[in-house]
Structures are given as C-alpha cells and as structure tokens.
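S.K.: Below is the structure I would like to discuss, written out as structure tokens.
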C-alpha cells in the first residue's frame, strides 16, 4: 500500500492519496486515488487520522483473518454485487443458494471467487458485514444491544456480545466509547 500527498501545504489545495492493496501473491485487491479538499487550517491532520483509522492493513498472516474488509473497495464486479445484496439482507440470515440465484451465478463460482479475491467464504464475509454494521450502530446510536443484534440478524444480544469479543477483541462498552 502506498499513500502520497501532493501540494498539501497550501490552503485550499487538494490532498491526494493513492492507495493500492495487494495480497501476498502480488494480485491487486483494490486500487484507488482519493482527493480531499483542504478547507481550513489543520484539516490535513484530521484527514490523516481518518485515513489511518480506516486504511490500516495488517499483513501478518496469523492476524489477517480477523480483519473486516468493509472499507475496501472491491474491483471484482461479482464481489461488489454480492456485497450490495448481502448488506440489504443482514437481518434475514444467509443462504448460499439465495445469494447465487440473486446474482445469477452458481454457488461454486461465487464461493471460488470470494475465496480467491477475499480469502474467505461467502458466509464468512456475510458475518463480517454483520459485525461491521453492529459496530457502526453501537458507535452511532443509543439502541440496546438486543435491538442491534436483531437488526443485524442475531436472535440474542448475548450472541452479538460474544462475537464482538471474539472477532473485534472488544466489548460493547469499549466500542461505544471509541
């Protein structure tokens, strides 16, 4: 991954970041150029903090399986369509048959593509999206854990609490405070 800024010192000058993410084989997973206008003094510090918060990539293989790829822009059209479909159905549960049918592809093609691009199964990615949405709701709403659990497709708040501890490494209180 690389990030470069250009002309970032002058007021009202764009701040540009070129981001390229590759897997261990050198295959490009995503690539983007982000340009942000500087509108007030000190904005680039906030921009840098925001970029660092959302674009940290852990390349250690032992930990990389725990990353949630919600902020990665996928270059594969099938993966993009799957993500849009899945985000609309988080509260309903997952069915590989329904996913493949909705995307007009076979279960095997969907599973192979997800594995080659993201390194995980469609179900694992669906669960990542649920956790990502739950974390967002915990940070931005005052809804109870049970309400949030129901909204993201878990029957009980205790299930969500356990998954947050296991997958994110933090409890509900820690997430709400961050």
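S.K.: Could you please rank 105, 27, placing first whichever residue has the fewest other Cβ atoms within 10 Å of its Cβ?
M.R.: Details: 105 16, 27 10.
Arranged by neighbour count, lowest to highest, 105, 27 become 27, 105.
S.K.: Another question, then. Rank these for me by crowding, 178, 121, going from fewest to most other beta carbons within 10 Å.
M.R.: On the way: 178 10, 121 14.
The order, fewest Cβ neighbours first, is 178, 121.
FYI, it's all coordinate maths here, none of it is from the lab. In this text the structure is predicted, and so the values were computed from the model without any measurement. For neighbour counting, all protein chains shown are included, and Cβ atoms are generated from backbone atoms with ideal geometry for every residue, glycine included.
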